[in-house]
Amino acid sequence: MTSSNPEKPASGHDMWGGRFASGPSSVMEAINTSVHIDKRLAEQDIDGSLAHAAMLAACGIISSEDAEQIAAGLEAIRQDIRAGCFDWKPSLEDVHMNIEAALKERIGAPAGRLHTARSRNDQVATDFRLWLRAACERAIEGLRAYQRALVEKAEAHFDWVMPGFTHLQTAQPVSLGHHLLCWVEAAERDIGRFEDASRRLNESPLGAAALAGTAFAIDREMTARRLGFDRPMANSLDAVSARDFALEALSAATIASVNLSRFAEEIVLWTSRRFGFARLTDAFSTGSSIMPQKRNPDAAELVRAKPGRIAGALQGLILVCKGLPLAYSKDLQEDKALVFTAFDDLELALAAMAGMAADISFDRDVLEAAAGEAYSDATDLADWLVRELGLPFREAHHVSGSIVKAAEKKGLPLSKLPLDEMQAVEPRITKDVFEVLSARASMESRTSQGGTSPVRVKEQIAVWKDRLKG
(Lines give C-alpha, C1' and ligand atoms only; values in the text may rest on other atoms or scores of the structure.)
Protein backbone atom coordinates (compact mmCIF):
# COMPACT_ATOMS: atom_id res chain seq x y z
CA MET A 1 0.00 0.00 0.00
CA THR A 2 1.24 3.48 -0.84
CA SER A 3 0.68 6.84 0.75
CA SER A 4 -2.37 8.88 -0.25
CA ASN A 5 -0.19 11.43 -2.05
CA PRO A 6 2.70 9.50 -3.66
CA GLU A 7 3.87 12.50 -5.69
CA LYS A 8 4.69 14.50 -2.55
CA PRO A 9 7.82 13.27 -0.76
CA ALA A 10 7.44 12.61 2.96
CA SER A 11 9.10 15.02 5.34
CA GLY A 12 9.54 15.47 9.03
CA HIS A 13 6.96 18.25 8.84
CA ASP A 14 4.43 15.68 7.53
CA MET A 15 5.01 13.61 10.68
CA TRP A 16 4.59 16.39 13.24
CA GLY A 17 3.30 19.38 11.27
CA GLY A 18 -0.29 19.68 12.53
CA ARG A 19 0.73 22.59 14.72
CA PHE A 20 2.78 24.28 11.97
CA ALA A 21 1.64 26.12 8.85
CA SER A 22 4.87 25.75 6.88
CA GLY A 23 8.01 23.63 6.81
CA PRO A 24 11.43 24.38 8.23
CA SER A 25 14.05 26.49 6.50
CA SER A 26 16.94 24.78 4.77
CA VAL A 27 19.25 25.80 7.60
CA MET A 28 16.87 24.40 10.20
CA GLU A 29 16.61 21.17 8.24
CA ALA A 30 20.38 20.90 7.96
CA ILE A 31 21.04 21.42 11.66
CA ASN A 32 18.09 19.30 12.75
CA THR A 33 18.61 16.17 10.66
CA SER A 34 20.55 13.30 12.20
CA VAL A 35 19.69 10.32 10.01
CA HIS A 36 23.19 10.23 8.49
CA ILE A 37 24.42 9.40 12.00
CA ASP A 38 21.63 7.64 13.83
CA LYS A 39 20.72 5.25 11.00
CA ARG A 40 23.22 2.99 12.76
CA LEU A 41 20.43 2.44 15.29
CA ALA A 42 18.15 0.88 12.66
CA GLU A 43 18.37 -2.68 13.98
CA GLN A 44 17.74 -1.53 17.54
CA ASP A 45 14.91 0.73 16.42
CA ILE A 46 13.18 -2.13 14.65
CA ASP A 47 13.68 -4.44 17.63
CA GLY A 48 12.19 -1.82 19.93
CA SER A 49 9.23 -1.27 17.62
CA LEU A 50 8.57 -4.99 17.35
CA ALA A 51 8.55 -5.30 21.14
CA HIS A 52 6.31 -2.26 21.49
CA ALA A 53 3.81 -3.48 18.87
CA ALA A 54 3.61 -6.94 20.44
CA MET A 55 2.98 -5.36 23.85
CA LEU A 56 0.29 -3.02 22.49
CA ALA A 57 -1.52 -6.02 21.00
CA ALA A 58 -1.15 -8.10 24.16
CA CYS A 59 -2.64 -5.25 26.18
CA GLY A 60 -5.55 -4.83 23.73
CA ILE A 61 -4.46 -1.34 22.71
CA ILE A 62 -4.10 -2.30 19.03
CA SER A 63 -5.49 -5.34 17.25
CA SER A 64 -3.44 -8.48 16.73
CA GLU A 65 -3.99 -8.07 12.99
CA ASP A 66 -2.44 -4.61 13.06
CA ALA A 67 0.45 -5.91 15.15
CA GLU A 68 1.07 -8.70 12.65
CA GLN A 69 1.11 -6.25 9.73
CA ILE A 70 3.44 -3.95 11.64
CA ALA A 71 5.80 -6.82 12.44
CA ALA A 72 5.86 -8.09 8.86
CA GLY A 73 6.44 -4.58 7.53
CA LEU A 74 9.26 -3.89 9.97
CA GLU A 75 11.01 -7.16 9.14
CA ALA A 76 10.77 -6.34 5.42
CA ILE A 77 12.30 -2.92 6.12
CA ARG A 78 15.04 -4.59 8.14
CA GLN A 79 15.92 -6.76 5.15
CA ASP A 80 16.04 -3.71 2.86
CA ILE A 81 18.38 -1.95 5.29
CA ARG A 82 20.65 -4.98 5.55
CA ALA A 83 20.71 -5.28 1.78
CA GLY A 84 21.68 -1.62 1.45
CA CYS A 85 18.64 -0.71 -0.64
CA PHE A 86 16.72 1.35 1.89
CA ASP A 87 16.17 4.96 0.82
CA TRP A 88 17.25 7.14 3.75
CA LYS A 89 15.63 10.59 3.52
CA PRO A 90 17.34 13.48 5.34
CA SER A 91 14.06 15.39 5.22
CA LEU A 92 12.63 12.83 7.66
CA GLU A 93 15.18 13.91 10.25
CA ASP A 94 16.18 10.65 11.90
CA VAL A 95 16.19 6.87 11.81
CA HIS A 96 12.90 6.61 13.67
CA MET A 97 10.86 8.75 11.31
CA ASN A 98 12.49 7.21 8.25
CA ILE A 99 11.46 3.74 9.37
CA GLU A 100 7.98 4.87 10.40
CA ALA A 101 7.44 6.58 7.05
CA ALA A 102 8.66 3.51 5.18
CA LEU A 103 6.31 1.36 7.25
CA LYS A 104 3.38 3.59 6.31
CA GLU A 105 4.36 3.25 2.65
CA ARG A 106 4.25 -0.53 3.03
CA ILE A 107 1.21 -1.21 5.21
CA GLY A 108 -0.79 2.01 5.35
CA ALA A 109 -2.99 2.90 8.32
CA PRO A 110 -1.77 0.24 10.81
CA ALA A 111 1.64 1.92 10.75
CA GLY A 112 0.09 4.97 12.39
CA ARG A 113 -0.89 2.89 15.41
CA LEU A 114 2.70 1.83 16.20
CA HIS A 115 3.55 5.10 17.91
CA THR A 116 0.70 4.77 20.40
CA ALA A 117 1.93 5.17 23.99
CA ARG A 118 5.46 6.10 23.08
CA SER A 119 7.51 9.11 21.98
CA ARG A 120 10.70 9.55 20.04
CA ASN A 121 12.17 10.49 23.43
CA ASP A 122 11.77 7.05 24.99
CA GLN A 123 12.29 5.40 21.60
CA VAL A 124 15.75 6.87 21.01
CA ALA A 125 16.79 6.31 24.62
CA THR A 126 15.84 2.64 24.25
CA ASP A 127 17.63 2.26 20.93
CA PHE A 128 20.75 3.95 22.28
CA ARG A 129 20.90 1.72 25.35
CA LEU A 130 20.51 -1.37 23.18
CA TRP A 131 23.30 -0.21 20.88
CA LEU A 132 25.65 0.65 23.74
CA ARG A 133 24.99 -2.67 25.46
CA ALA A 134 26.11 -4.45 22.31
CA ALA A 135 29.08 -2.08 21.93
CA CYS A 136 30.24 -2.88 25.47
CA GLU A 137 29.95 -6.59 24.66
CA ARG A 138 32.09 -6.09 21.54
CA ALA A 139 34.66 -4.18 23.57
CA ILE A 140 34.81 -7.03 26.07
CA GLU A 141 35.27 -9.54 23.26
CA GLY A 142 38.08 -7.41 21.81
CA LEU A 143 39.78 -7.18 25.19
CA ARG A 144 39.53 -10.95 25.64
CA ALA A 145 41.19 -11.53 22.26
CA TYR A 146 43.93 -9.10 23.27
CA GLN A 147 44.41 -10.92 26.57
CA ARG A 148 44.67 -14.30 24.85
CA ALA A 149 47.36 -13.03 22.50
CA LEU A 150 49.32 -11.56 25.41
CA VAL A 151 49.07 -14.73 27.52
CA GLU A 152 50.25 -16.86 24.61
CA LYS A 153 53.21 -14.53 24.09
CA ALA A 154 53.96 -14.46 27.82
CA GLU A 155 53.99 -18.24 27.98
CA ALA A 156 56.57 -18.39 25.19
CA HIS A 157 58.79 -15.91 27.07
CA PHE A 158 58.08 -16.66 30.73
CA ASP A 159 61.77 -16.86 31.66
CA TRP A 160 63.29 -14.34 29.26
CA VAL A 161 65.02 -11.60 31.23
CA MET A 162 64.62 -7.95 30.27
CA PRO A 163 65.15 -4.60 31.96
CA GLY A 164 62.34 -3.23 34.05
CA PHE A 165 62.07 0.55 34.06
CA THR A 166 61.05 3.37 36.33
CA HIS A 167 61.20 6.93 34.97
CA LEU A 168 62.17 5.14 31.70
CA GLN A 169 65.52 4.44 33.39
CA THR A 170 66.77 0.88 33.84
CA ALA A 171 65.60 -0.21 37.29
CA GLN A 172 65.56 -3.97 37.99
CA PRO A 173 65.51 -7.04 35.77
CA VAL A 174 62.11 -8.62 35.14
CA SER A 175 60.90 -11.44 32.98
CA LEU A 176 59.37 -10.59 29.63
CA GLY A 177 56.44 -12.85 30.44
CA HIS A 178 55.83 -10.92 33.64
CA HIS A 179 55.87 -7.63 31.75
CA LEU A 180 53.34 -8.86 29.20
CA LEU A 181 51.03 -10.20 31.91
CA CYS A 182 50.86 -6.70 33.38
CA TRP A 183 48.79 -5.63 30.38
CA VAL A 184 46.56 -8.69 30.78
CA GLU A 185 45.73 -7.49 34.29
CA ALA A 186 45.00 -3.98 33.05
CA ALA A 187 42.70 -5.36 30.36
CA GLU A 188 40.80 -7.34 33.00
CA ARG A 189 40.05 -4.14 34.88
CA ASP A 190 38.90 -2.58 31.61
CA ILE A 191 36.55 -5.52 31.12
CA GLY A 192 35.19 -4.99 34.61
CA ARG A 193 34.41 -1.36 33.83
CA PHE A 194 32.51 -2.32 30.67
CA GLU A 195 30.62 -5.01 32.58
CA ASP A 196 29.67 -2.48 35.25
CA ALA A 197 28.55 0.02 32.64
CA SER A 198 26.49 -2.66 30.89
CA ARG A 199 24.74 -3.63 34.11
CA ARG A 200 23.78 -0.07 34.94
CA LEU A 201 22.54 0.83 31.46
CA ASN A 202 20.43 -2.33 31.15
CA GLU A 203 17.11 -0.76 32.12
CA SER A 204 14.33 -0.01 29.65
CA PRO A 205 13.13 3.54 28.99
CA LEU A 206 10.40 2.29 26.65
CA GLY A 207 6.97 3.35 27.83
CA ALA A 208 8.15 6.53 29.51
CA ALA A 209 6.82 8.30 26.40
CA ALA A 210 7.75 11.97 26.06
CA LEU A 211 8.53 12.53 29.76
CA ALA A 212 5.52 11.74 31.95
CA GLY A 213 4.54 8.20 31.06
CA THR A 214 1.28 7.40 29.27
CA ALA A 215 -2.42 7.11 30.05
CA PHE A 216 -2.59 3.80 28.15
CA ALA A 217 -2.54 0.62 30.25
CA ILE A 218 0.76 -0.67 28.85
CA ASP A 219 3.00 -3.46 30.14
CA ARG A 220 6.53 -2.10 30.45
CA GLU A 221 7.78 -5.30 32.03
CA MET A 222 6.86 -7.16 28.85
CA THR A 223 8.83 -4.88 26.55
CA ALA A 224 11.78 -4.83 28.94
CA ARG A 225 11.93 -8.64 28.99
CA ARG A 226 11.60 -8.94 25.23
CA LEU A 227 14.49 -6.51 24.69
CA GLY A 228 16.74 -8.20 27.25
CA PHE A 229 16.60 -5.42 29.83
CA ASP A 230 16.68 -6.28 33.51
CA ARG A 231 13.76 -4.01 34.35
CA PRO A 232 11.92 -0.87 33.21
CA MET A 233 13.36 2.44 34.40
CA ALA A 234 11.52 3.58 37.50
CA ASN A 235 11.13 7.28 36.67
CA SER A 236 9.82 8.49 33.32
CA LEU A 237 11.73 11.80 33.50
CA ASP A 238 14.97 9.96 34.16
CA ALA A 239 14.23 7.44 31.42
CA VAL A 240 14.16 10.00 28.61
CA SER A 241 16.76 12.47 29.88
CA ALA A 242 19.55 10.35 31.39
CA ARG A 243 22.77 10.01 29.40
CA ASP A 244 25.05 9.10 32.26
CA PHE A 245 24.99 5.54 30.93
CA ALA A 246 26.71 6.84 27.80
CA LEU A 247 29.16 8.88 29.87
CA GLU A 248 30.04 5.78 31.90
CA ALA A 249 30.57 3.67 28.78
CA LEU A 250 32.71 6.42 27.27
CA SER A 251 34.69 6.64 30.49
CA ALA A 252 35.38 2.90 30.32
CA ALA A 253 36.38 3.28 26.67
CA THR A 254 38.68 6.17 27.51
CA ILE A 255 40.49 4.28 30.28
CA ALA A 256 40.82 1.20 28.08
CA SER A 257 42.27 3.28 25.25
CA VAL A 258 44.78 4.87 27.63
CA ASN A 259 45.91 1.42 28.79
CA LEU A 260 46.26 0.31 25.18
CA SER A 261 48.22 3.44 24.32
CA ARG A 262 50.75 2.77 27.07
CA PHE A 263 51.62 -0.66 25.68
CA ALA A 264 51.56 0.82 22.18
CA GLU A 265 54.19 3.33 23.31
CA GLU A 266 56.36 0.48 24.59
CA ILE A 267 56.08 -1.23 21.21
CA VAL A 268 57.19 2.00 19.54
CA LEU A 269 60.21 2.18 21.85
CA TRP A 270 61.08 -1.51 21.76
CA THR A 271 61.03 -1.70 17.96
CA SER A 272 63.27 1.34 17.56
CA ARG A 273 66.93 0.81 16.68
CA ARG A 274 67.97 2.50 19.93
CA PHE A 275 66.25 -0.23 21.96
CA GLY A 276 66.28 -3.13 19.50
CA PHE A 277 64.21 -5.29 21.83
CA ALA A 278 61.52 -6.33 19.37
CA ARG A 279 60.35 -6.40 15.78
CA LEU A 280 56.99 -6.21 14.06
CA THR A 281 56.49 -7.94 10.74
CA ASP A 282 55.38 -6.20 7.57
CA ALA A 283 51.77 -6.86 8.63
CA PHE A 284 51.99 -4.11 11.26
CA SER A 285 54.75 -1.88 9.87
CA THR A 286 54.98 0.77 7.18
CA GLY A 287 57.81 2.37 5.26
CA SER A 288 58.85 5.89 4.41
CA SER A 289 58.13 7.72 1.16
CA ILE A 290 61.67 9.11 1.11
CA MET A 291 63.85 6.94 3.38
CA PRO A 292 63.98 3.38 2.04
CA GLN A 293 65.59 1.96 5.18
CA LYS A 294 62.71 2.92 7.48
CA ARG A 295 60.38 0.46 9.21
CA ASN A 296 57.78 2.42 11.14
CA PRO A 297 55.46 0.98 13.84
CA ASP A 298 52.56 3.05 12.56
CA ALA A 299 49.85 0.74 13.92
CA ALA A 300 51.22 1.22 17.44
CA GLU A 301 51.53 4.97 16.92
CA LEU A 302 47.93 5.23 15.76
CA VAL A 303 46.71 3.25 18.76
CA ARG A 304 48.77 5.60 20.92
CA ALA A 305 46.81 8.50 19.40
CA LYS A 306 43.32 7.04 19.91
CA PRO A 307 42.83 8.29 23.49
CA GLY A 308 42.86 11.83 22.10
CA ARG A 309 39.73 11.09 20.08
CA ILE A 310 38.03 8.83 22.63
CA ALA A 311 38.69 11.07 25.62
CA GLY A 312 37.60 13.98 23.43
CA ALA A 313 34.27 12.26 22.85
CA LEU A 314 33.84 11.77 26.60
CA GLN A 315 34.61 15.42 27.29
CA GLY A 316 32.34 16.48 24.45
CA LEU A 317 29.37 14.57 25.83
CA ILE A 318 30.04 15.80 29.35
CA LEU A 319 29.78 19.36 28.04
CA VAL A 320 26.62 18.57 26.06
CA CYS A 321 24.95 17.18 29.19
CA LYS A 322 26.20 19.80 31.65
CA GLY A 323 23.42 22.05 32.82
CA LEU A 324 20.62 20.49 30.76
CA PRO A 325 17.25 20.85 32.49
CA LEU A 326 14.80 17.95 32.65
CA ALA A 327 13.57 16.27 30.63
CA TYR A 328 14.59 15.87 26.98
CA SER A 329 16.39 18.61 25.06
CA LYS A 330 17.51 18.42 21.45
CA ASP A 331 21.11 18.91 22.63
CA LEU A 332 21.05 15.18 23.36
CA GLN A 333 20.93 14.47 19.63
CA GLU A 334 24.68 15.13 19.72
CA ASP A 335 25.34 12.11 21.92
CA LYS A 336 25.34 9.40 19.26
CA ALA A 337 27.98 10.82 16.92
CA LEU A 338 30.40 11.08 19.84
CA VAL A 339 29.70 7.59 21.15
CA PHE A 340 29.71 5.89 17.75
CA THR A 341 33.06 7.43 16.82
CA ALA A 342 34.64 6.59 20.15
CA PHE A 343 33.61 2.93 20.07
CA ASP A 344 34.64 2.60 16.42
CA ASP A 345 38.07 3.88 17.40
CA LEU A 346 38.26 1.57 20.41
CA GLU A 347 37.30 -1.54 18.44
CA LEU A 348 39.93 -0.77 15.82
CA ALA A 349 42.56 -0.11 18.49
CA LEU A 350 41.75 -3.39 20.22
CA ALA A 351 42.02 -5.34 16.99
CA ALA A 352 45.34 -3.66 16.21
CA MET A 353 46.77 -4.35 19.66
CA ALA A 354 45.68 -7.98 19.64
CA GLY A 355 47.25 -8.31 16.21
CA MET A 356 50.52 -6.71 17.30
CA ALA A 357 50.65 -8.76 20.51
CA ALA A 358 50.51 -11.91 18.40
CA ASP A 359 52.84 -10.55 15.70
CA ILE A 360 55.70 -9.10 17.74
CA SER A 361 58.97 -11.03 18.14
CA PHE A 362 61.81 -10.36 20.58
CA ASP A 363 65.60 -10.48 20.56
CA ARG A 364 66.60 -12.52 23.61
CA ASP A 365 70.27 -11.55 23.60
CA VAL A 366 69.56 -7.83 23.36
CA LEU A 367 66.98 -8.03 26.14
CA GLU A 368 69.30 -9.93 28.48
CA ALA A 369 72.24 -7.63 27.80
CA ALA A 370 70.08 -4.58 28.46
CA ALA A 371 68.74 -6.14 31.65
CA GLY A 372 72.25 -6.21 33.10
CA GLU A 373 73.08 -2.61 32.24
CA ALA A 374 73.03 0.47 34.50
CA TYR A 375 73.73 -1.52 37.67
CA SER A 376 70.26 -3.04 37.71
CA ASP A 377 71.52 -5.58 40.27
CA ALA A 378 72.39 -2.89 42.86
CA THR A 379 69.23 -3.64 44.85
CA ASP A 380 70.19 -7.31 44.87
CA LEU A 381 73.51 -6.31 46.41
CA ALA A 382 71.70 -4.31 49.08
CA ASP A 383 69.30 -7.20 49.75
CA TRP A 384 72.29 -9.56 50.11
CA LEU A 385 73.84 -7.24 52.69
CA VAL A 386 70.60 -7.29 54.66
CA ARG A 387 70.15 -11.06 54.49
CA GLU A 388 73.74 -12.19 54.98
CA LEU A 389 75.26 -9.44 57.12
CA GLY A 390 72.18 -8.25 58.99
CA LEU A 391 72.59 -4.62 57.95
CA PRO A 392 69.54 -2.36 58.23
CA PHE A 393 68.24 -1.76 54.73
CA ARG A 394 69.02 1.97 54.77
CA GLU A 395 72.63 1.22 55.70
CA ALA A 396 72.78 -1.53 53.06
CA HIS A 397 71.39 0.92 50.52
CA HIS A 398 74.21 3.36 51.34
CA VAL A 399 76.90 0.64 51.11
CA SER A 400 75.49 -0.63 47.81
CA GLY A 401 75.46 2.90 46.40
CA SER A 402 79.09 3.41 47.39
CA ILE A 403 80.07 0.17 45.66
CA VAL A 404 78.16 1.19 42.52
CA LYS A 405 80.08 4.48 42.56
CA ALA A 406 83.38 2.55 42.72
CA ALA A 407 82.31 0.32 39.84
CA GLU A 408 81.28 3.34 37.75
CA LYS A 409 84.72 4.89 38.19
CA LYS A 410 86.31 1.75 36.78
CA GLY A 411 83.71 1.28 34.07
CA LEU A 412 82.85 -2.20 35.37
CA PRO A 413 79.58 -3.97 36.14
CA LEU A 414 79.16 -5.06 39.75
CA SER A 415 79.76 -8.68 38.81
CA LYS A 416 83.24 -7.75 37.51
CA LEU A 417 84.30 -5.47 40.35
CA PRO A 418 87.10 -7.13 42.39
CA LEU A 419 86.04 -8.40 45.80
CA ASP A 420 88.66 -6.31 47.57
CA GLU A 421 87.11 -3.16 46.07
CA MET A 422 83.80 -4.11 47.67
CA GLN A 423 85.47 -5.02 50.95
CA ALA A 424 87.05 -1.56 51.00
CA VAL A 425 83.51 -0.29 51.51
CA GLU A 426 82.20 -3.16 53.69
CA PRO A 427 84.87 -5.60 54.95
CA ARG A 428 82.43 -8.42 55.74
CA ILE A 429 81.38 -8.95 52.11
CA THR A 430 82.38 -12.40 50.85
CA LYS A 431 82.73 -13.94 47.40
CA ASP A 432 79.22 -15.40 47.81
CA VAL A 433 77.87 -11.98 46.86
CA PHE A 434 78.66 -12.67 43.20
CA GLU A 435 75.95 -15.34 43.13
CA VAL A 436 73.28 -12.62 43.15
CA LEU A 437 75.03 -10.17 40.83
CA SER A 438 73.49 -10.98 37.48
CA ALA A 439 70.30 -9.97 35.74
CA ARG A 440 69.00 -13.52 35.61
CA ALA A 441 69.75 -14.18 39.28
CA SER A 442 67.98 -10.96 40.16
CA MET A 443 64.88 -11.88 38.15
CA GLU A 444 64.74 -15.42 39.47
CA SER A 445 65.06 -14.29 43.09
CA ARG A 446 61.83 -12.25 43.04
CA THR A 447 59.59 -15.09 44.23
CA SER A 448 57.13 -13.08 46.32
CA GLN A 449 53.46 -13.23 45.36
CA GLY A 450 53.01 -11.19 42.18
CA GLY A 451 56.77 -11.14 41.60
CA THR A 452 58.71 -11.56 38.38
CA SER A 453 60.33 -14.93 39.10
CA PRO A 454 59.59 -17.42 36.29
CA VAL A 455 58.07 -19.69 38.94
CA ARG A 456 55.46 -17.06 39.77
CA VAL A 457 54.99 -16.12 36.11
CA LYS A 458 54.21 -19.71 35.13
CA GLU A 459 51.62 -19.85 37.91
CA GLN A 460 49.93 -16.71 36.63
CA ILE A 461 49.98 -17.95 33.06
CA ALA A 462 48.18 -21.11 34.19
CA VAL A 463 45.59 -19.00 36.01
CA TRP A 464 44.98 -16.85 32.96
CA LYS A 465 44.83 -19.75 30.53
CA ASP A 466 42.15 -21.34 32.65
CA ARG A 467 40.24 -18.06 32.98
CA LEU A 468 40.35 -17.35 29.24
CA LYS A 469 39.22 -20.79 28.07
CA GLY A 470 36.61 -20.56 25.35
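The values are calculated or read from the model by the stated rules, or taken from the named source; none is laboratory data. Keep in mind the model is a prediction, meaning the values are calculated, not measured. Every residue, glycine as well, gets a Cβ built from its backbone with ideal geometry; the counts of neighbours run over all protein chains shown. Calculation scope for accessible area: heavy atoms of the full protein, side chains included, ligands and nucleic acids excluded. Shrake-Rupley method; radii C 1.70, N 1.55, O 1.52, S 1.80 Å.
Please report, in debye to the nearest 20, how large the charge dipole of the chain is about its Cα centre when each Lys and Arg carries +1 at its beta carbon and each Asp and Glu carries -1 there.
Numbers: 55 positive and 66 negative charges, 80 e Å.
The dipole magnitude comes to about 380 debye.
Which FRET efficiency value, to the nearest 0.05, do you get for C182 and K322 by plugging their Cβ-Cβ distance into 1/(1 + (r/R0)^6) with R0 = 41 Å? The partial results should precede the final answer.
Details: r = 36 Å, r/R0 = 0.87.
Efficiency computed from Cβ-Cβ geometry: 0.70.
Once fully extended, how much extra length lies between R387 and D230, figured as 0.36 nm per residue of separation less the alpha-carbon to alpha-carbon distance?
Working: separation 157, 0.36 × 157 = 56.52 nm, distance 5.76 nm.
That works out to 50.8 nm of additional length.
Grab the other residues whose beta carbon is less than 14 angstrom from that of W270, score K and R as +1, D and E as -1, and report the net.
Numbers: positive: K153, R262, R273, R274, R279, R295, R304, R364; negative: E265, E266, E301, D359, D363.
Cβ neighbours under 14 Å give a net charge of +3.
Using label points projected 7 Å from each Cα along Cα→Cβ, tell me how many nm separate S329 and D87, to one decimal.
3.8 nm
Along the stretch 164-173, what does the Karplus equation 6.51 cos²θ - 1.76 cosθ + 1.60 (θ = phi - 60°) give for ³J(HN,Hα), rounded to whole Hz, x for Gly and Pro?
Each residue's phi maps through the Karplus curve to give x, 10, 10, 6, 6, 10, 4, 10, 9, x Hz.
On a 1.4 Å probe surface of the protein chains, which of E29, E141, E188 comes out largest in accessible area, and what is the full order?
On the way: E29 80, E141 125, E188 45 Å².
The residues order as E141, E29, E188, largest area first.
Suppose R0 equals 25 Å; then what is the FRET efficiency for I290 and D363 from their Cβ-Cβ distance, rounded to the nearest 0.05? Display every interim value, and only then the final one.
Details: r = 27 Å, r/R0 = 1.10.
The value I calculate is 0.35.
Give me the orientation-averaged projected area of the Cα convex hull of the stretch 32-113, in nm², one decimal.
Details: hull surface 20.0 nm².
Average of the hull's projected areas for the stretch 32-113 equals 5.0 nm².
Based on the Cβ-Cβ distance of D298 and A156, what FRET efficiency does E = 1/(1 + (r/R0)^6) give at R0 = 25 Å, to the nearest 0.05?
On the way: r = 25 Å, r/R0 = 1.00.
Given R0 = 25 Å and the Cβ-Cβ separation, E is 0.50.
Could you tell me which trypsin sites (Lys or Arg not before Pro) in the stretch 398-439 are loop residues by DSSP with no more than 13 other beta carbons within 10 angstrom of their beta carbon?
On the way: sites: K405, K409, K410, K416, R428, K431; in loops: R428.
Those that pass, being in a loop and sparsely packed, are R428.
Semi-axes, largest first, in whole Å: what does sqrt of 5 times each Cα gyration tensor eigenvalue give for the chain?
Over the Cα atoms of the chain, the semi-axes work out to 63, 22, 19 Å.
What length, rounded to one decimal in nm, is gained on full extension from E221 through to H167, with 0.36 nm per residue of separation minus their alpha-carbon distance? Intermediate values should be presented prior to the final figure.
Details: separation 54, 0.36 × 54 = 19.44 nm, distance 5.49 nm.
Residue separation times 0.36 nm, minus the Cα-Cα distance, leaves 14.0 nm.
With each run of n ≥ 4 DSSP H residues scored as -39500 (n - 2.57), what mean residue ellipticity at 222 nm is computed for the chain after dividing by its residue count and rounding to the nearest 500 deg cm²/dmol?
Numbers: 19 runs with 282 residues, N = 470.
For the chain, the value works out to -19500 deg cm²/dmol.
Two decimals is fine: what is log10 I(q)/I(0) at q = 0.11, 0.21 Å⁻¹ for the stretch 373-461, from a Debye sum with one equal scatterer on every Cα and no solvent?
For the requested q values the scattering log ratios are -0.31, -0.97.
Roughly how many percent of the accessible protein surface of the chain is carbon and sulfur, given a 1.4 Å probe and a whole-percent answer? Kindly include the intermediate steps, with their values, before the conclusion.
Working: 11790 of 22520 Å².
Solvent-exposed carbon and sulfur of the chain make up 52 percent of the total.
Multiply the residue separation of T281 and H36 by 0.36 nm, subtract the distance between their alpha-carbon atoms, and state the gained length in nm to one decimal.
Values: separation 245, 0.36 × 245 = 88.20 nm, distance 3.80 nm.
Residue separation times 0.36 nm, minus the Cα-Cα distance, leaves 84.4 nm.
Taking a 1.4 Å probe, which of H397, H179, H115, H52 shows the most accessible area, and what order do the others take after it? Intermediate values should be presented prior to the final figure.
Working: H397 100, H179 35, H115 55, H52 0 Å².
The ordering from most to least exposed comes out as H397, H115, H179, H52.
Expressed as a whole percent, how much of the Cα-Cα distance distribution for the stretch 197-293 exceeds 22 Å? Each step should come with its number before you reach the end.
Values: 2608 of 4656 pairs.
Here the long-distance tail beyond 22 Å is 56 percent of all Cα pairs in the stretch 197-293.
Spin-label point model (7 Å from Cα, Cβ direction): what's the E435 to V258 distance in nm?
So the two model labels end up 4.5 nm from each other.
Using θ = phi - 60° and the Karplus form 6.51 cos²θ - 1.76 cosθ + 1.60, what ³J(HN,Hα) does each residue of the stretch 46-53 get, whole Hz, x for Gly and Pro?
Per residue, the Karplus-derived 3J(HN,Hα) values read 5, 4, x, 5, 4, 5, 5, 5 Hz.
At a probe radius of 1.4 Å, what is the per-residue accessible area of I81, in Å² to the nearest 10?
40 Å²
Which is farthest toward the positive dipole end of the chain among Q44, L468, H178, measuring Cα position about the Cα centre, with Cβ charges +1 (Lys, Arg) and -1 (Asp, Glu)?
Farthest towards the positive pole: H178.
Express in whole angstrom the spacing between the alpha-carbon centres of the stretch 35-98 and the stretch 393-462.
Cα centres, the stretch 35-98 to the stretch 393-462: 70 Å.
Before anything else, pin down the relative contact order of the stretch 318-470: Cα pairs under 8 Å, at least 6 apart, normalised by residue count, whole percent. Could the numbers behind the result be given before it?
Numbers: 92 pairs, mean separation 25.1, N = 153.
Here the relative contact order equals 16 percent.
Note down the relative contact order for the stretch 65-166 as a percent, whole number, built from C-alpha pairs under 8 angstrom at least six residues apart. Walk me through the numbers on the way to the answer.
Numbers: 29 pairs, mean separation 24.7, N = 102.
24 percent.
Relative contact order (percent) for the chain, with alpha-carbon contacts under 8 angstrom and 6 or more residues of separation?
Numbers: 674 pairs, mean separation 77.6, N = 470.
Reported relative contact order: 17 percent.
Kindly report the accessible area of the chain per residue (heavy atoms of protein chains, probe 1.4 Å, no ligands, DNA or RNA), in Å².
On the way: 22520 Å² over 470 residues.
On a per-residue basis, the chain sits at 48 Å².
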